[in-house]
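Input: a single structure, listed below in structure tokens.
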Amino acid sequence: MSNTQSSFGGHKAGSETLTGPLLVVLGVVVVAGLLFGYDQGVISGALDGIKRQFSLSALLVEVVTSWVTLGALVGSLAGGYLADHYGRRRAVLIAGMLFVMGAVLQAVAPDVSLLVLGRLVVGASVGVAAVAAPLYGAELAPAAHRGRFVAAYQLAITIGIFLAYLVNAGLAADGQWRLMLGVSVIPGVLLVLVGMLGVESPRWLVKAGRRDEAQAVLGKVWPGEDNAARLAAIEHTLDEERGQASWREVFNPAWRRPLVIALGLAVFQQITGINAIIYYANQIFAAAGFSTPAEQTMATTWAVGGVNVAATFIAIAFIDRLGRRPLLLAGLVGMGAALLVVGFAFLSIDGSPAGDGPTTAGIVTLVALVVFIVSFAFSLGPVVWTVINEIFPGQVRGRAVAVATAVNWGSAFLVSQLFLTLIDEIGKSTTFWLFAFFCAVGWVWIYRAVPETKGRSLEEIERSWGGTPAPAAA
Ligand code: BGC
């Protein structure tokens, strides 16, 4: 252990204080999450009205739904560049401005091509925000709060999804899809406002050669503390890194281990099925015997949207106390078991004639989906974003997080595109069992490959990848 890092690990009482500037950082993280989540949740409600207005073909329905994910994939790569070149905070501001433009474009689009353009712009902005905001939070949060900061991002995503479901339910009767999409201007404007109040990340400032500004920011964030040691720790780590990061540097064999961990987590978060359920909850509940749209919306809003929010608090409470690994491993057990049960429930649902109201198997499906959402919300949801944002060395952090985020969106795109096809081809039960199988594979891989990072400073984590022995996996 170097003498500079010990004072930077967040173990000292003083450095755990959440000062005003840190609360603004938290505000940025939260608003970015709201924007991400609202956007994830809103399309399921808006789609019907859009379909009717523009008489969309099946292909265009898919384009309107999924191109936002493609925009996000590109946006997250651009976000890595923006965050590394212009700073974490400025990247967040760019995301907020783009989001407002995209939201307005969607809400007033006179034809479907402009609507799709709006979806792409919104997607790109969500991609940039999804990279820049958690990174900003992870770099500024004291080590002892870092998990909670990024978990707050996840909480905000879930609140965004829940709000979108509520807005969808409230406006569905009149098919006011323009308003549903237009409401997202609000988090966009908020993001710009909160971002303007925020400080830049001192880690990024040092990297950009702006030492004096970094010192000034540290003085603002932790007034009256020994910030010389903090600055020295940041500089010490950056000294060991040579040159400006290029995209190639992200794939440097020296960082293979954190890269594999981040990409693996990004993929497992999606291929275990979360967004199949978030996007298609109404259809799943319909298939499970919730016959009226009102029953389906109710089940989706509360059993998926509401439960997702509530259970994320479990992660916030425990992520920095129990650590990342126990949450991930326990969550995957719950998710896998729930998916097995949903698969069995559908065996009996599909074999029986359609009734008018939820059947026993339908209720079992509802309960199992609640267990699934709870298990995801305290584990893979928040912990994956936390770990992705804390394991990379500063030199490549922005771009590496961007690559992992893009892979996450790419996997989300594939799952949401393939889900309905899979159900047609291999049936509902087998599809859910396939997700369960991925939970099992993910469990074994995480058990073997993902180290515990709780309570360690970013500098300490960084040092653990090279030279010094790797962190224990248990
Ligand atoms: C995932 C999203 C998902 C959300 C659900 C996030 O961590 O990245 O794809 O929709 O959690 O709460």
Cβ pairs under 9 Å, 6+ apart, first in the stretch 152-179 and farther than 17 Å from Gly37 by Cα, second surrounded by fewer than 24 Cβ atoms within 10 Å (Cβ to Cβ) and among the hydroxyl-bearing types (Ser, Thr, Tyr): Ala172/Thr297
Residue within the stretch 135-147 that is in a helix (DSSP H, G or I), touching a residue at least 40 places away in the same chain (Cβ under 8 Å) and within 26 Å of Val61 (Cα to Cα) present: no
Residues satisfying the stated conditions in the stretch 379-414, i.e. under 24 Å from Val30 (Cβ atoms), among the small types (Gly, Ala, Ser) and within 15 Å of the ligand (Cβ to nearest atom): Ser379, Gly381, Ala402, Ala404, Ala406, Ala412
Pairs with Cβ under 9 Å, 6+ apart, first in the stretch 406-426 and under 16 Å from Leu265 (Cα atoms), second outside any helix (DSSP H, G or I) and not polar (S, T, N, Q): Val415/Gly273
Matching option when the condition is within 23 Å of Ala299 (Cα to Cα) and at pLDDT 90 or above, among Val403, Val374: Val374
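Considering the stretch 304-324 alone, what residues qualify as being within 16 Å of the ligand (Cβ to nearest atom) and touching a Phe, Trp or Tyr at 6+ places or on another chain (Cβ under 8 Å)?
From the stretch 304-324, those within 16 Å of the ligand (Cβ to nearest atom) are 304-316, 319, 324; that's our starting set.
Answer for the stretch 304-324, where residues must be within 16 Å of the ligand (Cβ to nearest atom) and touching a Phe, Trp or Tyr at 6+ places or on another chain (Cβ under 8 Å): Val304, Gly305, Gly306, Asn308, Val309, Ala311, Thr312, Ile314, Ala315.
Name the one entry in Ile446, Ile461 that is modelled with pLDDT of 90 or more, within 22 Å of Pro258 (Cβ to Cβ) and surrounded by 17 or more Cβ atoms within 10 Å (Cβ to Cβ). Working first, answer last.
Working: Ile461 fails: modelled with pLDDT of 90 or more.
That would be Ile446, the only listed residue that is modelled with pLDDT of 90 or more, within 22 Å of Pro258 (Cβ to Cβ) and surrounded by 17 or more Cβ atoms within 10 Å (Cβ to Cβ).
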Condition met for Ala310 (buried (at least 18 other Cβ atoms within 10 Å of the Cβ) and in a helix (DSSP H, G or I)): no
Subset of the stretch 23-78 [within 14 Å of the ligand (Cβ to nearest atom) and of a type in the set (Asp, Glu)]: Asp39
Residue within the stretch 262-275 that is without any contact (Cβ under 8 Å) to a residue 24 or more places away in the chain, closer than 24 Å to Leu77 by Cα and out of contact with any Asp or Glu (no Cβ under 7 Å at 6 or more places or on another chain) present: no
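Quick grid of which residues meet (1) buried (at least 16 other Cβ atoms within 10 Å of the Cβ); (2) in a helix (DSSP H, G or I); (3) within 16 Å of the ligand (Cβ to nearest atom):
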{"site": "Val206", "(1), (2), (3)": "yes, yes, no"}
{"site": "Gly209", "(1), (2), (3)": "no, no, no"}
{"site": "Val217", "(1), (2), (3)": "yes, yes, no"}
{"site": "Trp255", "(1), (2), (3)": "yes, yes, no"}
{"site": "Leu263", "(1), (2), (3)": "yes, yes, yes"}
{"site": "Gln269", "(1), (2), (3)": "yes, yes, yes"}
Complete set of residues in the stretch 271-305 that are not hydroxyl-bearing (Ser, Thr, Tyr) and not in a helix (DSSP H, G or I): Gly273, Ala288, Gly289, Phe290
Residue count for the stretch 325-350, restricted to those that are more than 14 Å from the ligand (Cβ to nearest atom), farther than 21 Å from Thr431 by Cβ and in contact (Cβ under 8 Å) with a residue 60 or more places away in the chain: 2
Residue list for the stretch 313-323, filter: surrounded by fewer than 16 Cβ atoms within 10 Å (Cβ to Cβ) and part of a helix (DSSP H, G or I): Phe313, Ala317
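Of the residues Tyr165, Tyr81, Tyr153, only one is more than 20 Å from Leu263 (Cα to Cα) and modelled with pLDDT under 95; which?
Numbers: Tyr81 fails: more than 20 Å from Leu263 (Cα to Cα); Tyr153 fails: more than 20 Å from Leu263 (Cα to Cα).
Sole residue among the options that is more than 20 Å from Leu263 (Cα to Cα) and modelled with pLDDT under 95: Tyr165.
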Of all residues in the stretch 273-295 being β-branched (Val, Ile, Thr) and within 16 Å of the ligand (Cβ to nearest atom), the one that is surrounded by the most Cβ atoms within 10 Å (Cβ to Cβ): Ile284
Residue that is surrounded by the most Cβ atoms within 10 Å (Cβ to Cβ), among those in the stretch 324-359 that are β-branched (Val, Ile, Thr) and at pLDDT below 95: Val342
Leu114, sole failed condition from (1) under 15 Å from Gly195 (Cβ atoms); (2) away from the ligand (no atom under 16 Å from the Cβ): (1)
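The values are calculated or read from the model by the stated rules, or taken from the named source; none is laboratory data. These numbers come from a predicted model, not from an experiment. Neighbour counts are summed over all protein chains in view; Cβ atoms, including those assigned to glycine, are modelled from backbone coordinates with ideal geometry.
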